[in-house]
Structures are given as structure tokens and as C-alpha cells.
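Heads up, the thing below is written out as C-alpha cells.
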Amino acid sequence: MIQGDTVKIPVISSLFISLLIFQNCNKTTTPSTLPQVSLQPEYLATTEAELKLKFNSPVLPRNYQLQRNNEVIMTGSLKRADTTLHDTMLLPASNYTYQAVVQQTNGVTVHSPELSLTTIDTTRHNYSWEIFTIGNSPIENELHDVSIIDNDDIWVVGLIKVISSSKDELYNAVHWNGSEWEYHKIYLKDYLGNEFLQTIFTIFALGPNDIWVFGYTGAYGHWDGSDWESEFVWEMSGDARKIWGTDSRNLYFAGSKGNITHFDGQNWVYMNSGTTIMLRDINGYQDPASGDNITLACGFNFGFPEGIILIKPEDEWEILDNGIQGPISKLDNNNFASLWVTRRNIFYVTAFNKVYKVKLLDENYLRVKNVLNADRGIYRIRGDADNNLFVVGEEVKLRHYNGYSWKHYPELDNLTGIMKGLDVKGDLVVAAGGDSIIMGRR
């Protein structure tokens, strides 16, 4: 037995110990029941912003306010945990601070953290223009489509006649090499396997060694960097007027009689579009983060005016606007000549002389905004951002949208009856039609 000084240990009551244990357990295991509100940016342009308001309370609806720079700009009732709020009263290249306020049933308000955003700036309208005459038989020349690879690598296709004292020559493509246009002959096959020179309606260049064209007999042509390969596409049952895709293993060809054919790098598959209307454009978008893509097509028939807009969100094509009482056609016109997709849920479409910006909100609802009323028909729309967009059409009427305003370049008018070829890349724009090519640089 150890002997020594006696140490007295204080006695702590069992009630006090129980209280300590309860408080400690309460701090570590009881989740917070306070509702939380947050704002996240979904889409930002020059004059508009879309914000996702998230509210984690299980009890809905709740009244909310959206404040911009400490002023209330929007009120409403939250009916679900995620709600998209759209602010359209903004200026380009400007700073804004947002905060959401949600009211509880007991009158207590919950505030989100402040969200600071800067809108996108406009691009410049000041282009310098060059005009080129292709061939020397303006009545017989047909320039249909343009594809820009870079400043020194541009293709234009159609049918071109060069008359000389010795003999007349036909071509169906011209190539810009950085200093001049070179004339090319691309031979495509017919259904018997015979190769011959024919009108090319569309070109789609994925790179300098990966270029696709389609001719009026129903054959494709592919440039691999050394040779043009061609085969007749039995699955097409007609011609293709436009091509779009993410790479050479995911290409869509759209054209006459509502034809849409998909190429996966090995096989051609005819797709049921649900229409026989002439499809004049096809375009899409691939999300760089997720890889998800969406594809849209549009067209119309001359004579009896029939129009259509198609969408393929997954595997099948669906009618987005039937040209009669659709969300866009009921506003004015169904001559849907062209469309351009800027994001997975936003696209621009032409309807005769108008341009509409369309937001896909959900499967049953679109938000449609008229962004241009022109004085002539528009046949092609292309861009590379919401603040760098061009249209062209009857009597040329080339216009540029910088995200805030449209600029018309009247010095280019009346070069040809109708221009349908158009492509945009950064500070370069190229338009083509008849026997004329317009090249604009900033």
C-alpha cells in the first residue's frame, strides 16, 4: 500500500454531468433547421442576366424579393426549391450586386449572400470590307455556303463558271489561301458510282484536314488533307442544304423533303424528322463541361407557306414550332430560313425579315424575344457569341449585332439578289452569294 498525502477529489453531481453530456451531444448532432437562400449565375449577356434562386425550406410557397444594387427590382412567390430569375434592364460592361430576400411564415426574412456580376461588353461594329467577284458569268454563278477555318483558310462552295477564249471551265469551290481565291473542282458520285462536277450546296469544315461537302445528287465529299473521298448516301433520299456536328463521328445532314441523316464515323442512319418541309439550316451546341449537346433544324417551303422548327434534345427529333400556331410562328411568320444556337438552351431564328431570340425554359414553354425587324428577307444567321452575330439575305442587307445594337452596312447592298452563305469567327466574317464574296475584318 502506498502511503503519502491524501488528495481530495471534488464531487460533481450526476445532474450536472448529464447536462454537460446533453449540451455536447446537441452541438454535434442536431442539424441546422434555419432555411438557406442562395443566388447563382446561370446566364450572363450584355444587357441581361439569369440567376438561379435556391431555397431549402420544405414549406412552399414563399414570397421573395430580388434586389439589384440594394433596390427591389422583382417580387414574386417561390413555388419550388429552384427558380430562375431573369433581369433584362442592364447595361453592357457594368457591375451589379444582387441579393435575394425570402419571407418566412412567421414574418422573419432570410437573405442570400450578395452576388456580384459584370455584364459582357459589346463588340465593335467597325469592319473594313473587301468584295471579290468570283467567276465571270454572274447569271450562271451560284455561291451557296461558307466555312471559315482561320484567317488564311476559307472555303466557299456552289457552282462557278469561268468563260475564256479557249474554253469555258466549271468549278464548284473556291479557297482563300491568305492572299487570293483559288478555284477548285470537287468531283462527287451519283447513285451509279460515276464521279462528276456538280453543284455543292453546303460545306462544313472541322479543320484544315477534315472538311465535308454535299452535292445535289445525294453524295458527300470529304477532304482528309490529301484527297477528296466521295460516296452516294442512300440513306439521304435527297440533297443536303446544311451540315452541322461536333466532330466527324457525329454529323447531321439536313435538306430536301425534311431529310435528316446522321453519320457516326462509320454508318449513315436516316432519321425520322416528322416533316417533308425543305430543311434549310441545322445547327447545335455542345456543352464543353458535360459534353451534352442539342441540335435544331428549320426550314420552309416556297409557294404555299409552310414552316417548321425541329429540336433533338436526346435521340429523337421533335417539332418545336409547326409553322401554324407555334410559339414563334403565331407571332408573325413561318419562313424559318436559318437558326444559330449560342447555348444549350438559347438560339436565334429568322422568320422572313425578323430575328427572334428563344430561350428553352422547359419542355412546355419558350421565352421568345424579337431582336430585329429588317426591311428584307433574312436567309442566314451566324455568330460566335451573343455579342457577335450577323445576318444576311435579300439584296445582301448585311447586319451585325454587338450585343446591344444592330449595324447595317448599306455599302454592301445590291451586290447580288440573295446571299445565303455566311460564317463568323472572331473578328472575321465572310458572306457569299451569286458571284460575290464579302470579307470583313475588324
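The values are calculated or read from the model by the stated rules, or taken from the named source; none is laboratory data. Computed from a predicted structure; not experimentally measured. Using ideal geometry, Cβ is built from the backbone for each residue, glycine included, and neighbour counts are taken over all protein chains shown.
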Being loosely packed, with under 12 Cβ neighbours inside 10 Å, farther than 30 Å from Trp406 by Cα and not hydroxyl-bearing (Ser, Thr, Tyr): is that true of Asn106 here? yes
Those residues of the stretch 122-148 that are among the hydrophobic types (A, V, I, L, M, F, W, C) and either free of Cβ contacts under 8 Å to residues at least 60 places away in the same chain or in a loop (DSSP other than H, G, I, E, B) (or both) come to a total of 2
Only listed residue being under 13 Å from Gly135 (Cβ atoms) and not hydroxyl-bearing (Ser, Thr, Tyr), chosen from Ile186, Ile154, Ile160: Ile160
Residue list for the stretch 40-66, restricted to those being hydroxyl-bearing (Ser, Thr, Tyr), part of a strand (DSSP E or B) and touching a residue at least 60 places away in the same chain (Cβ under 8 Å): Tyr43
Within the stretch 397-430, how many residues are closer than 23 Å to Ile203 by Cα, within 19 Å of the chain's Cα centre (by Cα) and touching a residue at least 24 places away in the same chain (Cβ under 8 Å)? 12
Within 30 Å of Ala385 (Cα to Cα) and either of a type in the set (Lys, Arg) or at pLDDT 95 or above (or both), is that true of Arg80? no
Residue pairs meeting the criteria (Cβ under 7 Å; at least 6 apart or on separate chains; first closer than 11 Å to Thr350 by Cβ, in the stretch 371-384; second among the β-branched types (Val, Ile, Thr) and modelled with pLDDT under 95): Tyr379/Ile418
Give the residues of the stretch 87-141 that are touching a strand residue (DSSP E or B) at 6+ places or on another chain (Cβ under 7 Å), within 30 Å of Phe201 (Cα to Cα) and at pLDDT below 95, sorted by residue number. Gly135, Asn136, Ser137, Glu140, Asn141
Among Lys330, Lys359, the single one that is surrounded by fewer than 23 Cβ atoms within 10 Å (Cβ to Cβ), in contact (Cβ under 8 Å) with a residue 12 or more places away in the chain, assigned by TED's automatic domain parsing to the domain that holds Asn283 and not hydrophobic (A, V, I, L, M, F, W, C) is Lys359
Any residue in the stretch 197-216 that is part of a strand (DSSP E or B), more than 26 Å from the chain's Cα centre (by Cα) and either buried (at least 21 other Cβ atoms within 10 Å of the Cβ) or assigned by TED's automatic domain parsing to the domain that holds Gly299 (or both)? yes
Residues of the stretch 67-94 satisfying the condition of being part of a loop (DSSP other than H, G, I, E, B), over 17 Å from Ser38 (Cβ atoms) and not polar (S, T, N, Q): Lys79, Met89, Leu90, Leu91, Pro92, Ala93
Regarding Tyr183, is this residue under 24 Å from Ala219 (Cα atoms) and in a strand (DSSP E or B)? yes
Suppose we filter Ser273, Ser230, Ser237, Ser226 for residues that are assigned to a loop (DSSP other than H, G, I, E, B) and closer than 18 Å to Asn209 by Cα; which single one remains? Ser226
Considering the stretch 185-225 alone, what residues qualify as being farther than 20 Å from Val424 by Cβ and of a type in the set (A, V, I, L, M)? Ile186, Leu188, Leu192, Leu197, Ile200, Ala219
